[in-house]
Amino acid sequence: MKTSSALLFLTGVLLIGGLGETFAQPPFGGFRGEPSGPRIAPTDLDFKDGVDQIQDEETFGKLSYQGTQVMIDQNLADWQFVKFQIEDASKGKPLVYFINTKTHRAHPKFMQVVNIGHGQGSMRGVLVYRPLLKAPNGQPGLYTFEYEPNDNYAYAEVKVSFDKLIEKAPFLKGRLAYTPRPRSELRFYEEEMQYSDGNLPVLLESEFYDDIGFLPLNVSGSYGLLRVMELQERPSQRDVVIYKSLPNEMPRVGGIITEVRQTPLSHVNLRAIQDNVPNAFIVDASNHARIKPLIGKNVFYRVTDQGFEIREASSKEIEQHYADLRPDKPQIPIRDLSVRSIRSLQEIGFKDSKSFGVKAANVATMHTFGFDEGTIPDGFAVPFYFYDQYMKHNGFYDQARKMLSSREFQSNRDRQEFELQKLRSLIKKGKTPAWMQKQLDSVHKQFPAGSSLRCRSSTNNEDLPGFSGAGLYGSFTHHADEGHLSKSIKQVFASLWNYRAFEEREFYRIDHFAAAMGVLIHPNFSDEQANGVAVTDDVLYLTKGNYYINAQVGEDLVTNPQQQSVPEEVLLDWWDEGKTQIMQTSNRVDPGQQVVSSQHLAELSKCLAKIHGRFAKLYGVGENDPFAMEIEFKITKKGKLAIKQARPWVY
């Protein structure tokens, strides 16, 4: 957006003009010629046709249309908008008609009803609400106005519209900007100083994604105590948290607000999706007029595609909400202990997840997709049987049961963390059965001497449709100088008892002793050029026909970025691999450079298409069912694309 520099708001846009509408000859009388009667004044309108004033956002909502039935105005599809027109502007006494756009999608239909003739000097426009953008007053939520594609009004005429719109719709003050259509952009540049001197904000179409003030990361609603959190604090399950910077870990909470921008693929949002709690980036949230008065109080908090709702809530509402969330009965995840030996990834497939976990089974399945050699890592899968036998061999199940039965453990979170850490330490130091040592040693020798191996968790309660389990469990790199491979395998086993994993299973009443840990073993990626995550649907901007990609240079993980790290965001067209939109550039590359090259994006596009199609069939997805796959990828130090994981995206 420009007042002289670009300023973007993501909450509302005002469009002025019919936006390419055509005028059909009416069956009688007609607005192409003389009106059939006297013009109806704005103050005399029936609400079903329109109003002369919009006092608040609630009224705007009642007048607005949002959907796909926009006729020729395809740029308005799925946006919330209200059309309007201004009469008699050239006479110095402009009259504003706000059109009930639910009734009249096109200006000509409204003009016929109120007896406004075509060619009488009307300035036709539309107000569009873009909830993601930051308004001139710094708050999330921008409205912009624009004229018809062929109109080319001078600054003085635009200024009349701007002032009159704010006068008749006072809620727009500080939240309104003008968007010149392509034909009128040249005139805007010629008169840019007048816009700056007149304090008339301008948002160009090319700036629609520049200065985001609100991002709905996970659309949902919840209840809890609204708290501003410091990074070192641990929130409770019933807190709605406000973070000024992203925490390294996110336990289960009631809702999430961050004052720094997230991506849909960050660990914070993946946790929000997993727990189905609302999550949004809201600029300067702790000082927001609707949020600040509620800090320290119980609230209801909802995130939608169009904005957020927050209000004070009663204790009764909160108790009922959390009672309804938890399952009534214990849940027993499937685990098949019949497979008693480590298998190569070429020996297992999609249906073997019940023995090896979804992560290992899905990586193995991708070996059958016909990708170039090296795209999917080669390796081995350790079955659940190994974890089960190791826990029994050392008596760790009995110790865990004793721990869980303790009343102090059940009622004290600090005690839970302490006892779980103690159990993990015991698991890491336990004795490995000789037969297990022998099998692990044999697998280790299958890799070149001196190789570092990545040992990755693959459980029976993660990477599932409807439950990702992202970030709950641990993966570890086994370096050549660390001795026997069992050292790192035991670290993975121990991570089943991470506090965050225990807390999640406890909330969903998942049987801790039916949970099982498999391990995926493959060569470790090191010194990679880039890492990234991609989803086979646009899960952030909600455009149609695009893959959504996050990437960052080196080993600065997209899912758990370093402080102040801004990843690259790309929308990649499903059908045209050369058609990309860079929505956000990385702050770790030089201006004009991309983290993922055009060549690698083209390769990635082909892989994503195949991954989506093949897994959709394997998961039995119906034609109209929402479905996407999320993958993690690397650009190796040799410049090769490598895909290391695939799991269903949780909508």
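The values are calculated or read from the model by the stated rules, or taken from the named source; none is laboratory data. All values reported here derive from a predicted model rather than from experimental measurement. Don't worry about glycine lacking a Cβ; one is built from the backbone with ideal geometry, like all the others, and counts go over all protein chains shown.
Computed values, structure above
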item	result
Hey, residue 288 surrounded by 20 or more Cβ atoms within 10 Å (Cβ to Cβ), in the same structural domain as residue 314 (by TED's automatic domain parsing) and more than 23 Å from residue 139 (Cα to Cα) or not	no
Scan of region 369-400 for residues that are under 20 Å from residue 426 (Cβ atoms), more than 36 Å from the chain's Cα centre (by Cα) and either in a helix (DSSP H, G or I) or of a type in the set (A, V, I, L, M, F, W, C) (or both), ordered by number	386, 388, 389, 390, 391, 392, 393, 396, 397, 398, 399, 400
Selection count, region 335-371, where residues are under 21 Å from residue 645 (Cβ atoms), in contact (Cβ under 8 Å) with a residue 12 or more places away in the chain and exposed (fewer than 12 other Cβ atoms within 10 Å of the Cβ)	1
Residues located in region 281-298, provided they are out of contact with any helix residue (DSSP H, G or I) (no Cβ under 9 Å at 6 or more places or on another chain) and touching a residue at least 24 places away in the same chain (Cβ under 8 Å)	281, 282, 283, 284, 288, 289, 294, 296, 297
Of the criteria (1) in contact (Cβ under 8 Å) with a residue 60 or more places away in the chain; (2) over 22 Å from residue 267 (Cβ atoms); (3) in a strand (DSSP E or B), which one residue 582 fails	(1)
Residues satisfying the stated conditions in region 401-435, i.e. assigned to a helix (DSSP H, G or I) and closer than 18 Å to residue 482 by Cα	425, 427, 428, 429
Leading residue by the ranking (surrounded by the fewest Cβ atoms within 10 Å (Cβ to Cβ)) among those in region 78-113 that are among the aliphatic types (A, V, I, L, M) and touching a strand residue (DSSP E or B) at 6+ places or on another chain (Cβ under 7 Å)	95
Boolean, residue 569 is among the charged types (D, E, K, R), closer than 30 Å to residue 367 by Cα and not in a loop (DSSP other than H, G, I, E, B)	yes
Single residue of 117, 141 found to be in contact (Cβ under 8 Å) with a residue 60 or more places away in the chain and under 28 Å from the mean Cα position of the chain (by Cα)	141
Test for residue 82: is it in contact with a Leu (Cβ under 6 Å, 6 or more places away or on another chain) and touching a residue at least 24 places away in the same chain (Cβ under 8 Å)	yes
Matching option when the condition is touching a Gly at 6+ places or on another chain (Cβ under 8 Å) and in contact (Cβ under 8 Å) with a residue 12 or more places away in the chain, among 165, 204, 132, 200	132
Filter result for residue 320 (within 26 Å of residue 252 (Cβ to Cβ) and either without any contact (Cβ under 8 Å) to a residue 12 or more places away in the chain or assigned by TED's automatic domain parsing to the domain that holds residue 437 (or both))	yes
Hey, residue 425 surrounded by fewer than 14 Cβ atoms within 10 Å (Cβ to Cβ) and either within 17 Å of residue 503 (Cβ to Cβ) or not aromatic (Phe, Trp, Tyr) (or both) or not	yes
Qualifying position, being among the basic types (Lys, Arg) and within 13 Å of residue 217 (Cβ to Cβ), among 311, 271	271
Output for region 592-618, where each listed residue is surrounded by 14 or more Cβ atoms within 10 Å (Cβ to Cβ) and not in a helix (DSSP H, G or I)	594, 595, 596, 597
The listed residue being buried (at least 24 other Cβ atoms within 10 Å of the Cβ), of a type outside the set (Val, Ile, Thr), closer than 27 Å to residue 58 by Cα and touching a strand residue (DSSP E or B) at 6+ places or on another chain (Cβ under 6 Å), out of 280, 313	280
Selected residue (criterion: surrounded by the most Cβ atoms within 10 Å (Cβ to Cβ)) from residues of region 619-635 that are over 23 Å from residue 570 (Cα atoms) and acidic (Asp, Glu)	625
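Yes or no, residue by residue, for (1) surrounded by 23 or more Cβ atoms within 10 Å (Cβ to Cβ); (2) in a loop (DSSP other than H, G, I, E, B); (3) within 18 Å of the chain's Cα centre (by Cα); (4) in contact (Cβ under 8 Å) with a residue 12 or more places away in the chain:
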residue: 215; (1), (2), (3), (4): yes, no, yes, yes
residue: 221; (1), (2), (3), (4): no, no, yes, yes
residue: 226; (1), (2), (3), (4): yes, no, no, yes
residue: 231; (1), (2), (3), (4): no, yes, no, yes
residue: 247; (1), (2), (3), (4): no, yes, yes, yes
residue: 250; (1), (2), (3), (4): yes, yes, yes, yes
residue: 256; (1), (2), (3), (4): yes, no, yes, yes
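Every residue, every condition in (1) buried (at least 16 other Cβ atoms within 10 Å of the Cβ); (2) touching a strand residue (DSSP E or B) at 6+ places or on another chain (Cβ under 9 Å), yes or no:
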| site | (1), (2) |
| --- | --- |
| 155 | yes, no |
| 162 | yes, yes |
| 183 | no, no |
| 192 | no, yes |
| 206 | no, no |
